[in-house]
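The values are calculated or read from the model by the stated rules, or taken from the named source; none is laboratory data. Keep in mind that what you see is a predicted model, and the values were worked out from it rather than measured. Glycine gets a Cβ as well: all are built from the backbone with ideal geometry, and neighbour counts include every protein chain shown. We work out accessible area using only protein heavy atoms, side chains counted, and drop any ligands, DNA or RNA first. Shrake-Rupley method; radii C 1.70, N 1.55, O 1.52, S 1.80 Å.
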Amino acid sequence: MVASCNAVKRVPDGNHLLTKNTIVTDSSVVKDERVYSILKQQPNPKVLGIPFGIFIYNLGKPNPDSSFTKWLYKKPKREERLIKLLSKKQLYKVKNSYINFNEWLKKAGAEPVVINKNKVNKSLEKLKEYYFSFGWFNREASYSIDTTKNKRASITYRVKLGKPYFIGTVKDSISSPVVDSLYQLTKHLSFIEEGKQYATNDFVNERERLTLQFRNSGLYHFSQEYITIEGDTVNTNHKVNTTLIIPDRSYRVNDSTYTEPFKIHKVSEVRIITDFNYENRSKTLSDSASYQGYKLYGYNKIKFKPKAITDAVAIIPNTIYKDIDRTFTYNQLRNLQIFKYPNISYTEDARDTTGTSLIATILLTPKKRLGFNFNADAYTSTIQQLGVGFGSTFLIRNVFRRAENLELSVRGSLGSSKDVAERDNRFFNISDVGGDLKLRFPRILFPLNTDKIIPKYMSPETHLSFGFNAQNNIGLDRQNTNAGFSYSWKSSQALSHKIELLNLQYVRNLNPSNYFNVYRNSFSRLNQIAVESGYTFNNQNENPTLEIPNEAEAFIQEVKDGNPNGLVLTNNNIEDVLSIAERKDRLTENNLISATNYTWTRDTRENVSDNSFSRLRWKVEIAGNLLSGIASIAGLETNENGNYKVFGVVFSQYVKFETEYIKHWELGNSNNILALRTFGGIALPYGNSNSIPFTRSYFAGGSNDNRGWRAYDLGPGSSGGIQDFNEANFKLAFNAEYRFSLFGSVKGALFTDIGNIWNVNDNVTDPDFTFKEISDLKELAVASGFGLRYDFGVVVFRFDIGFKTYNPSKIEGLRWFREYNFSKAVYNLGINYPF
């Protein structure tokens, strides 16, 4: 282990470990990581100056096979003794395990980067190419290697740039009149501008821009190869005079090549085969249908209503050919989730003597109509000594022949818990079962036509859902019934919208008498007040305890009734008891929530490998307004506080605002990423409510939030997390994380988390809990720490250690770094990145 910490242990004599690259242009040191990334050799990554990857690599034997053999025969009778002890077969397995472990160490670690002059020269050429691409045509480059006595060396690349070239005159030579007309329409959008410093990317972008424009303007036969941009630098005084050249279309007939001007093509016919597969390719089509100019065919009876398919097809008969329509059609058909990847092709229509008509053929292969899956697992936890779970989903595609998908799912778990054994001695004494029904329509279900507002290329969808869940556990034995009706669509690749017209939730607590068995902090405080007040307990012993639930309820009621028995209670004691009673009533009451919300999301991430992107989301939700209007008109019953009830339950009324911004920067290479997140949310009760339901409130702490505190342990405000499950209706969170590679699939991270929750304009008045003014921002808690992540490819396993850096629950002057140690740290396990 000690020997492996010598970074140059595996560096051969006469060679050098690369420790640093430096690029100097003229007299300035380059700081841009993008320039360094083009070099062929990079120093081994370091954390706090330590190359951990090399150390792991050095732990592995260079030749484990021969090393094991050498060890085995080092003593004459070692092999014989091991065969007697293990068997020859087992000894062979031990050898393989030894070899595999050493190979894994070398794979998981990082081989020392030894300076290779061939690669250094290639890096030099890459640098010259890079600066040439930005107009420094006369650049010169060299390098020097600075060595030390301990097999280490650094490389300095020096580039003398000279005077850059700029764009001079911009001319064009376009043979086809149609192409020239299209070019003149968008010439002002050209990337190549007179007076601008030369950049190769501008020429690449201009060719792509024109190809995209022409192929989406009817030029079916056009391709990027037709575009040439010539540059002249002879005697131009560091100017690049450019000429855009686009010749006529060329095509071959037999062995002869012909040219003709480009023509605008239109789509004369769209043919859709609804049940194509390889086996059917030689069969005769037996069914057909027509709808709005589309022609649908089937080898068997067509199982779809024509409109269900044509709504997803962006290629429209008798319109100008656009290449983008093919892409839209691919995406929209894929979003239906009932076909495999479609095949779309164009052929020239032989019936058109002008040669400008196209026939589009779309081959669709349906997925299996029915789908089924089942999963089961077993687990253990501090609450459940043994638990088993199951889940099953049944999917019906094209359920109403208009590409609708119906999904039925059930899930459940059974567990054995000693915490429940006192009241239920069955082995499986806790359970959690539920089911969901989800129906998806690939269109907007609305009485009026919405195609002009939300056209079909936006992939509009309507979702209808129903769900039920029942818990019988150590908690309040909650039943949860929900229903939803929502619309979603994407107005662009990055911008998506979702409107939930109805988000209905009914929460029923079947065992509210178990409250103080669950919320032990509240009960401990209540019992302490009872002891200090001189309350007469049913159990008269040295450590009297209120009986749950009756005696605890009786003590609360006595305080509420004005203390008729003359208990010794301070004003603070009375306030605490009333607060405990109010929180108990709030968390045990049944909830009815009828909400409507809108979510707007802009996500610039192009794919899973895109490490530089941003995501902005905001959401507004309004609950209870419709029920409030109905209640006031219908004169529904009210409770003792004047709150309306629907079916015997007081419904919630509030307005909620949320916004979240996430930004990722790739620093140099894909292994180094800086990630930031900002979140703000507030839910304000009004009308029929003076507080927010527990299921719609905010909490702080946990592996995806402020990692210096456990979930629900932080806040509200400076209260110190004295409740069992601390929640409130206002939240701010700010997170920053620097992610980097350690070795192999092992990644590291340094993070800072800032945030807290508060009560605002609800029934909580304690100043430690509430946010009243800007100065309350001093109650933002700060956590910092580090983490390790192992990337399995599909999923990332995460282990983070968070330290309380600034704890607002402490008195001022003792908030910074007082708990910055491993004994007070929070150890977080998570799956995938927190943001």
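Tabulated results
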item	result
Hey, L48 modelled with pLDDT of 85 or more and either more than 32 Å from the chain's Cα centre (by Cα) or not acidic (D, E) (or both) or not	no
Long-range neighbours under 8 Å by Cβ, at least six apart or interchain, first residue of a type in the set (S, T, Y) within the range 775-804, second in a loop (DSSP other than H, G, I, E, B) and surrounded by fewer than 20 Cβ atoms within 10 Å (Cβ to Cβ)	Y790/S745
Top-ranked residue in the range 290-326 [being part of a helix (DSSP H, G or I) and either basic (K, R) or open to solvent by 20 Å² or more (accessible area, probe 1.4 Å) (or both); ranked as farthest from P442 (Cα to Cα)]	D323
Residue in the range 164-179 that is of a type in the set (D, E, K, R) and more than 30 Å from R215 (Cα to Cα) present	no
Residue that is farthest from L627 (Cα to Cα), among those in the range 499-517 that are open to solvent by 40 Å² or more (accessible area, probe 1.4 Å) and out of contact with any strand residue (DSSP E or B) (no Cβ under 7 Å at 6 or more places or on another chain)	N517
Among the candidates I396, I454, I444, residue that is on the phi < 0 side of the Ramachandran plot, outside any strand (DSSP E or B) and touching an Asp or Glu at 6+ places or on another chain (Cβ under 9 Å)	I444
The range 83-125, residues that are open to solvent by 80 Å² or more (accessible area, probe 1.4 Å) and farther than 30 Å from W71 by Cβ	K117, N118, K119, K122, E125
Residue in the range 588-601 that is at pLDDT below 90, within 30 Å of Y738 (Cβ to Cβ) and assigned to a strand (DSSP E or B) present	no
Complete set of residues in the range 327-342 that are open to solvent by less than 90 Å² (accessible area, probe 1.4 Å) and within 26 Å of F400 (Cβ to Cβ)	F328, T329, Y330, N331, Q332, L333, N335, L336, Q337, I338, F339, P342
Filter result for the condition that a residue is open to solvent by less than 70 Å² (accessible area, probe 1.4 Å) and either aromatic (F, W, Y) or on the phi > 0 side of the Ramachandran plot (or both), over F55, F132	F55
Qualifying residue in the range 760-778 (condition: open to solvent by less than 50 Å² (accessible area, probe 1.4 Å) and either within 21 Å of the chain's Cα centre (by Cα) or basic (K, R) (or both))	no
Residue pairs meeting the criteria (Cβ under 7 Å; at least 6 apart or on separate chains; first within 28 Å of D800 (Cα to Cα) and in a strand (DSSP E or B), in the range 683-711; second open to solvent by less than 20 Å² (accessible area, probe 1.4 Å) and acidic (D, E))	Y698/E727
Test: residue in the range 84-98 that is closer than 30 Å to N150 by Cβ and not hydroxyl-bearing (S, T, Y)	no
Residue ranges of helices (runs of 4 or more DSSP H) in the range 29-136 with at least 2 members free of Cβ contacts under 8 Å to residues at least 60 places away in the same chain	52-59, 64-72, 78-86, 88-108, 117-132
Output for the range 605-635, where each listed residue is of a type in the set (A, V, I, L, M), over 16 Å from N688 (Cβ atoms) and surrounded by fewer than 17 Cβ atoms within 10 Å (Cβ to Cβ)	V608, V620
Flag if N241 is within 46 Å of the chain's Cα centre (by Cα) and either on the phi < 0 side of the Ramachandran plot or of a type in the set (A, V, I, L, M) (or both)	no
Unmet criterion (only one of (1) modelled with pLDDT under 90; (2) under 45 Å from the mean Cα position of the chain (by Cα)) for Q540	(2)
Residue identified as touching a residue at least 40 places away in the same chain (Cβ under 8 Å) and either in contact with a Cys (Cβ under 7 Å, 6 or more places away or on another chain) or assigned to a helix (DSSP H, G or I) (or both) among N201, N205, N241	N201
Selection within the range 560-595 - within 17 Å of G534 (Cβ to Cβ), surrounded by 13 or more Cβ atoms within 10 Å (Cβ to Cβ) and among the polar types (S, T, N, Q)	N563, N573
Residue satisfying condition, being out of contact with any His (no Cβ under 7 Å at 6 or more places or on another chain), hydroxyl-bearing (S, T, Y) and open to solvent by 50 Å² or more (accessible area, probe 1.4 Å), within set T156, T148	T148
Members of the range 8-28 found to be surrounded by fewer than 13 Cβ atoms within 10 Å (Cβ to Cβ) and within 21 Å of E125 (Cβ to Cβ), listed by number	K20, D26
Scope the range 447-498; condition without any contact (Cβ under 8 Å) to a residue 40 or more places away in the chain, of a type in the set (A, V, I, L, M, F, W, C) and either loosely packed, with under 15 Cβ neighbours inside 10 Å or out of contact with any Leu (no Cβ under 7 Å at 6 or more places or on another chain) (or both); matching residues	L448, I453, I454, M458, F466, F468, A470
Matching entry among R798, R789 (being in contact with a Leu (Cβ under 8 Å, 6 or more places away or on another chain), farther than 30 Å from N690 by Cα and of a type in the set (K, R))	R798
Residues of the range 659-695 satisfying the condition of being over 30 Å from V746 (Cα atoms) and open to solvent by 30 Å² or more (accessible area, probe 1.4 Å)	T659, I682, L684, Y686, G687, N690, F694, T695
Qualifying residues in the range 213-230 (those that are touching a residue at least 12 places away in the same chain (Cβ under 8 Å) and outside any loop (DSSP other than H, G, I, E, B)) - the one most open to solvent (accessible area, probe 1.4 Å)	E230
Qualifying residue in the range 478-490 (condition: among the aliphatic types (A, V, I, L, M) and at pLDDT below 95)	no
Hey, S288 out of contact with any His (no Cβ under 8 Å at 6 or more places or on another chain), hydroxyl-bearing (S, T, Y) and farther than 25 Å from S217 by Cβ or not	yes
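Residues checked against (1) part of a strand (DSSP E or B); (2) over 22 Å from N726 (Cβ atoms); (3) among the hydroxyl-bearing types (S, T, Y); (4) out of contact with any Asp or Glu (no Cβ under 7 Å at 6 or more places or on another chain):
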| site | (1), (2), (3), (4) |
| --- | --- |
| S775 | no, no, yes, yes |
| L788 | yes, yes, no, yes |
| K804 | yes, no, no, no |
| F817 | yes, yes, no, yes |
